[in-house]
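J.: A single structure is presented below for examination.
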Amino acid sequence: MKTLAFGIGNPLRGDDGVGARAALALAAEGFAARAVIQPLPEHALELASVDRVVFLDAALDSPPGVVRVRRVSPKREATDPHALDVASVLGLCEALEGRAPEAFLVGVGVADLRFGEVLSPAVEAALPELIARARGLLGGGGRGRRIATRALWVVAVALLAWLVLEIGVRAYLEGPLEVDFYGSIPREAVREKQDLHGLVVAAGPRFAHLGFIADPERETYTIERRLDDGSHREIGTTRFGSFVVREAGTYRVRIDPRAGGEARFLGPVEAIPLEAEAPVLAPRIAGPWRPLVRPSIAGDYVNDHTIYRDATGRWRLLGITARGEGDYSAEVRFAAGVAQAFPPDSMMRETDPVADFGEIAWAPHVIEAKGGFRLFWSPHRLMAMTSSDGIAWRDPRVVMSAPASPFFRDAMVHEVAPGQWLLYATARGRYFSRVDLYQSFDLEGWQYIGPALDAGFGSERNSILSSMESPALLEVRGRYYLAITYNNDSGVLAPLLLPFRIWLDRASYNDTLVFESDHPYAFGTYRGASATPNLVARLAAHAAEWVHVSERDEWYVTTAGWPFVATLTSGEVAVAPLRFEPVVVPHRD
């Protein structure tokens, strides 16, 4: 039922304004209301749109402060065409529209009608009763407002509870985590390493990169390019030891102490971007999945894994494992498999587990470097071992005691140039997920140089734990591709349910995104599939490993994961052929 509170009276004539005061009070409670000095003919049309009207007015025929209610019926005769009483305005409404609303007049006896804005004591005392009697007649409007108000309170309390829970979970999960830019190269060692490595160049199609050891808390860095006359021109600044240039030339880094003092320089070096075509390609799964390895000795499943060739040419796999359907707290060793060819005709043969040290060991990654092999793993710090043949591992050690941002894990290492390596790792900013990038010139000292891939508004998932997992860098025909497993829903619910092996959106577990860039140092900001031009592929895979068989120029992709949530596998690692197709992306400077 649609109702209207209709206050009548002049607020400047003492008690005559009581009707207007009551109407305004009801409006504040959410009722439809209006206040007028005198009913007029045009008000008849307004009354036709409601089912019930409650007039509020001063009563001259009642003792001061006494509230009375009476029903009002339409009256067709009007003595004044310019001003009407309430019955006449109802009558005009009925004459014009064929109907008039149900009407009541709630009046209060008045005592003082002299000029002034203050009600007499008797009428002031009766005002709450006047409002209450009108409220009872108006019924649903105010009740709806009260329901809406209560609903808003419920929403507000729920949001507050969510905020408290969000802060609590973040504090509980992040509190024990240590972050430190100098967690691999201590402050006192920076100057020595800076002088040792100097300014290092890595070049590729259309780019060259200047890399160096940085001390951002104590120094600022300006990149300068030498001009033909021998002078230098500033072309940019950087906080960390990384800067990408597009033009060939001679460059140096000017180092200014934040505390003041004489500047010094790294370089000069010649930086020459390569002249080569680098077409944009998109990976596509080109065949069915088939089992690659199924563990039984070390555990019941494989999650994040690495595939490489050992010194004898055999193919090897190391991967996260544990007993059961997926228990991250029990993943303390790596399942291992070996095959003569890749992919093998049947499955890899399982061998003894690796890195069984009794503490959590996630996301192994093996590279061949410096005449041997390096095995890296995480979480929350970077561990490493060394091997001469990629089979027997020795010298387990911590190479990064604390990363630059929380939830560091899933480290992947790529040699971008001789003597220069990049490390991509899962991370999280203040709210959004991201992939962090570190660099090293000796595989032992690592420094953060910025986000390789960021997320922003429009991105679908930003878990407290980070949603950009298992980063992997591919270099295909001079172009670079960063692949991530994009799972872990936003908010606090996902990490709270995970210990109970509950995953609300199982399809999201196998969501792999692939981004392209013309250099390996930055892949932009992900703002959702429709607003990220360099997103070139979305594949159904989890913790994908990208394998290139160079002698046949063939590519393969793998998938794995916890059996309780994975939909493509049930504990095993599976492999499928991969092809790259040309795609067109919008031009980006």
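The values are calculated or read from the model by the stated rules, or taken from the named source; none is laboratory data. Keep in mind it's a predicted model, so treat the numbers as computed, not measured. A quick note on method: Cβ atoms are made from the backbone with ideal geometry, for glycine too, and the neighbour counts reach across all protein chains shown.
Conditions (1) closer than 14 Å to residue 318 by Cα; (2) among the hydrophobic types (A, V, I, L, M, F, W, C), marked per residue:
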site	(1), (2)
549	no, yes
553	no, no
556	no, no
559	yes, no
572	yes, no
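J.: Among the residues of the stretch 1-45, which ones are of a type in the set (Val, Ile, Thr) and within 19 Å of residue 124 (Cβ to Cβ)?
T.: 8, 18
J.: Can I ask one more? Considering only residues that are among the small types (Gly, Ala, Ser), surrounded by 14 or more Cβ atoms within 10 Å (Cβ to Cβ) and within 18 Å of residue 35 (Cβ to Cβ), which ones fall in the stretch 45-76?
T.: 58, 59
J.: Moving to a separate point now. Take the residues in the stretch 194-223 that are of a type in the set (Val, Ile, Thr) and under 31 Å from the mean Cα position of the chain (by Cα); name whichever of them is nearest to residue 277 (Cα to Cα).
T.: Checking each candidate, the answer is 213.
J.: So residue 507 ticks every box in (1) at pLDDT below 95; (2) among the small types (Gly, Ala, Ser); (3) buried (at least 21 other Cβ atoms within 10 Å of the Cβ) but one. Which box is left unticked?
T.: (3)
J.: Looking at residue 415 and the list (1) in a loop (DSSP other than H, G, I, E, B); (2) surrounded by fewer than 20 Cβ atoms within 10 Å (Cβ to Cβ), which single condition is not satisfied?
T.: (1)
J.: Could you check, for the stretch 418-427, whether at least one of its residues is surrounded by fewer than 24 Cβ atoms within 10 Å (Cβ to Cβ), more than 19 Å from the chain's Cα centre (by Cα) and not in a loop (DSSP other than H, G, I, E, B)?
T.: yes
J.: A follow-up question, please. Name the residues in the stretch 489-504 that are surrounded by fewer than 17 Cβ atoms within 10 Å (Cβ to Cβ) and closer than 13 Å to residue 467 by Cα, would you?
T.: Scanning the stretch 489-504 gives 490, 491.
J.: Take the residues of the stretch 159-211 that are charged (D, E, K, R) and part of a loop (DSSP other than H, G, I, E, B): which is surrounded by the fewest Cβ atoms within 10 Å (Cβ to Cβ)?
T.: 178
J.: Ok, one more. Give me the pairs, please: first residue somewhere in the stretch 84-102 and outside any helix (DSSP H, G or I), second residue anywhere and acidic (Asp, Glu), beta-carbon distance under 6 Å, and either six or more positions apart or on two chains.
T.: Listed pairs, sorted by first residue: 100/94; 101/51.
J.: Out of all the residues in the stretch 300-320, is one or more loosely packed, with under 13 Cβ neighbours inside 10 Å and either outside the structural domain of residue 534 (by TED's automatic domain parsing) or closer than 24 Å to residue 577 by Cβ (or both)?
T.: Scanning the stretch 300-320 turns up at least one residue that is loosely packed, with under 13 Cβ neighbours inside 10 Å and either outside the structural domain of residue 534 (by TED's automatic domain parsing) or closer than 24 Å to residue 577 by Cβ (or both).
J.: Considering 444, 475, which residue is acidic (Asp, Glu), assigned to a strand (DSSP E or B), more than 21 Å from the chain's Cα centre (by Cα) and surrounded by fewer than 18 Cβ atoms within 10 Å (Cβ to Cβ)?
T.: After ruling out the rest, the residue left standing is 475.
J.: If we keep just the residues of the stretch 38-80 that are in contact with a Lys or Arg (Cβ under 9 Å, 6 or more places away or on another chain) and of a type in the set (Val, Ile, Thr), which is farthest from residue 5 (Cα to Cα)?
T.: Ranking the candidates gives 67 first.
J.: Identify all residues within the stretch 327-340 that are in a loop (DSSP other than H, G, I, E, B) and at pLDDT below 95; write none if there are none.
T.: If the condition is that a residue be in a loop (DSSP other than H, G, I, E, B) and at pLDDT below 95, then 327 is the only one that fits.
Listed here are the residues, each with its yes/no results for (1) modelled with pLDDT under 90; (2) buried (at least 17 other Cβ atoms within 10 Å of the Cβ); (3) outside the structural domain of residue 57 (by TED's automatic domain parsing); (4) on the phi > 0 side of the Ramachandran plot.
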residue: 85; (1), (2), (3), (4): yes, yes, no, no
residue: 89; (1), (2), (3), (4): no, yes, no, no
residue: 105; (1), (2), (3), (4): no, yes, no, no
residue: 109; (1), (2), (3), (4): no, yes, no, no
residue: 114; (1), (2), (3), (4): no, no, no, no
residue: 119; (1), (2), (3), (4): no, yes, no, no
residue: 122; (1), (2), (3), (4): no, yes, no, no
residue: 125; (1), (2), (3), (4): no, no, no, no
residue: 132; (1), (2), (3), (4): no, no, no, no
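J.: Looking at the stretch 296-312, which of its residues are under 30 Å from the mean Cα position of the chain (by Cα) and of a type in the set (D, E, K, R)?
T.: Once the filter is applied, which keeps residues that are under 30 Å from the mean Cα position of the chain (by Cα) and of a type in the set (D, E, K, R), the stretch 296-312 yields only 304.
J.: Quick check on this structure: which one of 250, 222, 237 is surrounded by fewer than 17 Cβ atoms within 10 Å (Cβ to Cβ), touching a strand residue (DSSP E or B) at 6+ places or on another chain (Cβ under 8 Å), in contact (Cβ under 8 Å) with a residue 24 or more places away in the chain and not assigned by TED's automatic domain parsing to the domain that holds residue 337?
T.: Unique residue meeting the criteria: 250.
J.: Tally time: how many residues in the stretch 487-504 are in a helix (DSSP H, G or I) and in contact with a strand residue (DSSP E or B) (Cβ under 6 Å, 6 or more places away or on another chain)?
T.: Counting residues in the stretch 487-504 that are in a helix (DSSP H, G or I) and in contact with a strand residue (DSSP E or B) (Cβ under 6 Å, 6 or more places away or on another chain) gives 1.
J.: Mind counting the residues in the stretch 174-193 that are among the charged types (D, E, K, R) and within 30 Å of the chain's Cα centre (by Cα)?
T.: 3
J.: Which one of 539, 513, 497 is of a type in the set (A, V, I, L, M) and free of Cβ contacts under 8 Å to residues at least 24 places away in the same chain?
T.: 497
J.: I'd like the full set of residues that are in contact with a Pro (Cβ under 9 Å, 6 or more places away or on another chain) and outside any loop (DSSP other than H, G, I, E, B), limited to the stretch 294-320.
T.: 305, 306, 315, 318, 319, 320
J.: For the stretch 505-548, what are the residues that are within 25 Å of residue 211 (Cβ to Cβ), of a type in the set (D, E, K, R) and assigned to a loop (DSSP other than H, G, I, E, B)?
T.: 518
J.: Could you check the stretch 427-478 and list, in sequence order, the residues that are more than 21 Å from residue 535 (Cα to Cα), among the hydrophobic types (A, V, I, L, M, F, W, C) and at pLDDT below 95?
T.: Once the filter is applied, which keeps residues that are more than 21 Å from residue 535 (Cα to Cα), among the hydrophobic types (A, V, I, L, M, F, W, C) and at pLDDT below 95, the stretch 427-478 yields 464, 465.
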